[in-house]
Amino acid sequence: MNFGYHYTSFEDTGTDMLESVRETAHRVEAAGFDWFSLMDHLWQIPYVGQPDDHFFTCYSMLPAVAALTQEMRLGALVTCVHYRNPALLGKLVTDLDHISGGRAVLGIGAGWFQDEYEGYGIEYPDDATRISQMEDAVRLIKETWTAENPVSYDGEHYSVEDLVLSPKPVQDPHPPVLVGGGGEQLTLKATAKEADAWNVFSHPEEYAHKLSVLQEHCDDVGRNYDDIEKTVANVAVIRDTEDEAHDAYEAMMSDRAAPVPARDEYRGAVGTPEHVAATVEDFRDLGADLYIFRVPGNDGETIERFIDEVAPEFV
């Protein structure tokens, strides 16, 4: 099983912003992690912090991470389809692919944070429209990546005429596309049709169900289910005892804008190293290929203990 790290907060680093990202990326890459991602938002989301926390766009930061790393795949978890013209998004990911030496992933989703849309004056369509636009954007981007210049595309929502993309991406035939989201009727069907990988923030029981739905959609559209990389994202907090881990989690989450889940609700992999390893094992046994964890405030103890005490159990 491969591991990844999802860096979500620039606020609680205690050091220079870029230095903190660099240190975290170096730390997890040296441990053999396969993935490093950032959120694609324009201000901090309530589950992670406060709206006025320091925040930086992923396609500004990811090239900096690319220049500081050698092997990990890099991407957004996940890009909101509406924040950039999709042809421009394809160009940005192409640039990242070259800067990283062929490690870029297009992580993309239909968007969900309506306050952010409204704050930036971006139209927020209904769910079905957003997901349809995401599918069309992926098709357009793939066309600009693979077709000879100049490229023309006329889709349901987006079109380009005589677009020139030079150079094309490093990866052949193109960077992988990861769709993020758990909507069973539309998002998972879009995943079956267009994605090379899929991600969701989930707990094991829910994950098992959604995998079965994804397999049904793959069967319906004639896609090989095994060709899609299954990934999962989870919060992790590690301490010596369960109570200490939950106390630490609550302290880390106390200044977040969203309510803190109660202890009898699913919080993620919060507990001892053994408990966290058991959670990872559950996802692995269900079929997850990549386990991506995020840590409130990039808590150094959790990162180190995951590297030293959890990850080695899966080598």
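The residue that is nearest to R103 (Cα to Cα), counting only those in the stretch 140-163 that are in contact with a Ser or Thr (Cβ under 9 Å, 6 or more places away or on another chain) and assigned to a loop (DSSP other than H, G, I, E, B), is N149. The residues of the stretch 47-80 that are in a loop (DSSP other than H, G, I, E, B), of a type outside the set (G, A, S) and over 18 Å from V200 (Cα atoms), listed by number, are Q50, P51, D52, D53, H54, F55, F56, T57, T69, Q70, E71, M72. Of the set (1) among the acidic types (D, E); (2) under 22 Å from H98 (Cβ atoms); (3) assigned to a helix (DSSP H, G or I), all apply to D136 but (2).
Among the residues of the stretch 251-278, write down those that are out of contact with any helix residue (DSSP H, G or I) (no Cβ under 7 Å at 6 or more places or on another chain) and in a helix (DSSP H, G or I). Hits for the stretch 251-278 are A251, E274, A278. Under the condition of being within 20 Å of the chain's Cα centre (by Cα) and assigned to a strand (DSSP E or B), the residues counted in the stretch 201-250 number 10. The numbered conditions (1) exposed (fewer than 14 other Cβ atoms within 10 Å of the Cβ); (2) within 30 Å of E11 (Cα to Cα); (3) touching a residue at least 12 places away in the same chain (Cβ under 8 Å); (4) aliphatic (A, V, I, L, M) are all true for V221 except (2).
Yes/no per residue for (1) over 20 Å from S100 (Cβ atoms); (2) of a type in the set (K, R); (3) assigned to a strand (DSSP E or B):
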position: S166; (1), (2), (3): no, no, no
position: H174; (1), (2), (3): no, no, no
position: L178; (1), (2), (3): no, no, yes
position: E184; (1), (2), (3): yes, no, no
position: L188; (1), (2), (3): yes, no, no
position: W198; (1), (2), (3): yes, no, yes
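Since every read-out is calculated from the coordinates, none of them should be taken as a lab result. Predicted, not measured: the structure shown is a model, and the values here were computed from it. Backbone-built Cβ (ideal geometry, glycine too); neighbour counts: all protein chains shown.
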